[in-house]
Amino acid sequence: MFKRKLSRAEYALLAANLIPVAGVWFLGWNPKEMFVVYALETVIAGLFTLLKMGITTMVKKQDDWHGTGGSKKKMPGWFFMVFFIFHYGMFVAIQMGMFLAVSGMGNDTGFGLFSFFNKIPELLTTENLWVLAAFVLSYILHNLSGFILTGEYKTASLSYLMFQPYARIFVQQFTVIAGSIFISFGAGKIFILIFAGVKIFMELFVDYDSIIRKAAKGELPLSRKQ
């Protein structure tokens, strides 16, 4: 369940996750503004997933879609991509609503979930842009070394690729709930420490890859019961 060692790309992602913590604790960055970066990181992860699915689709054209009761049938790659856009988008919207509610940004700035993305340019400070750039570079490194250069894109399961970013959603929702008590009392530094700490541990040290591969093949206990 746990990884024994990290790859170079994962060390880059670790460094990117530590930048907001260092900024909030030692450089006086606003912890609420870091919410914007974490929210956009989830969107970036989804975009990279779509890119990977698109590259694999150009090679494989179609793949197995696992239904209930162990059934499966061949579906075109674009079907997986459209399904992912709507399904992942729903989870991102829920997470965004939680971010706005817990951080108080919706009340502070006078906007809600649906106008959030229109307000992004106003919320992206210089610090936010640097952190966002670090996340983008870490994702490029991770996907270049672990997907393109290894040739995984030629044989990767589209279901597996589609499941990959969901761990991020669940981890971030959990950490928002766990850390909300600190930010409600104005302890933003404690909140960002908990948020980043749990996020780093769950994303980098827990071996989600084997779990995701089983889920994509319908091999998890829950899948077998259906």
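Candidates are the residues of region 146-170 that are touching an Asp or Glu at 6+ places or on another chain (Cβ under 8 Å) and at pLDDT 75 or above; the one that is surrounded by the most Cβ atoms within 10 Å (Cβ to Cβ) is Leu158.
All of (1) at pLDDT below 75; (2) surrounded by 17 or more Cβ atoms within 10 Å (Cβ to Cβ) hold for Ala178 with one exception: (2).
Among the residues of region 1-29, which ones are part of a loop (DSSP other than H, G, I, E, B) and at pLDDT below 80? Passing the criteria: Met1, Lys3, Arg4, Lys5, Leu6, Ser7. Within region 1-55, if we keep just the residues that are of a type in the set (D, E, K, R) and in contact with a Lys or Arg (Cβ under 9 Å, 6 or more places away or on another chain), the residue that is nearest to Thr150 (Cα to Cα) turns out to be Glu10. So Ala39 passes all but one of these: (1) among the hydrophobic types (A, V, I, L, M, F, W, C); (2) buried (at least 21 other Cβ atoms within 10 Å of the Cβ); (3) out of contact with any Phe, Trp or Tyr (no Cβ under 7 Å at 6 or more places or on another chain). Which condition number does it fail? The number of the failed condition is (3).
Among the residues of region 130-153, those identified as within 15 Å of the chain's Cα centre (by Cα) and hydroxyl-bearing (Ser, Thr, Tyr) are Ser138, Tyr139. Screening Ile85 with (1) aliphatic (A, V, I, L, M); (2) farther than 30 Å from Lys154 by Cβ; (3) out of contact with any Ser or Thr (no Cβ under 9 Å at 6 or more places or on another chain) gives one miss only, at (2).
The values are calculated or read from the model by the stated rules, or taken from the named source; none is laboratory data. Quick caveat, the model's predicted, so the values are computed rather than measured. All Cβ positions, glycine included, derive from the backbone under ideal geometry; neighbour counts span all protein chains shown.
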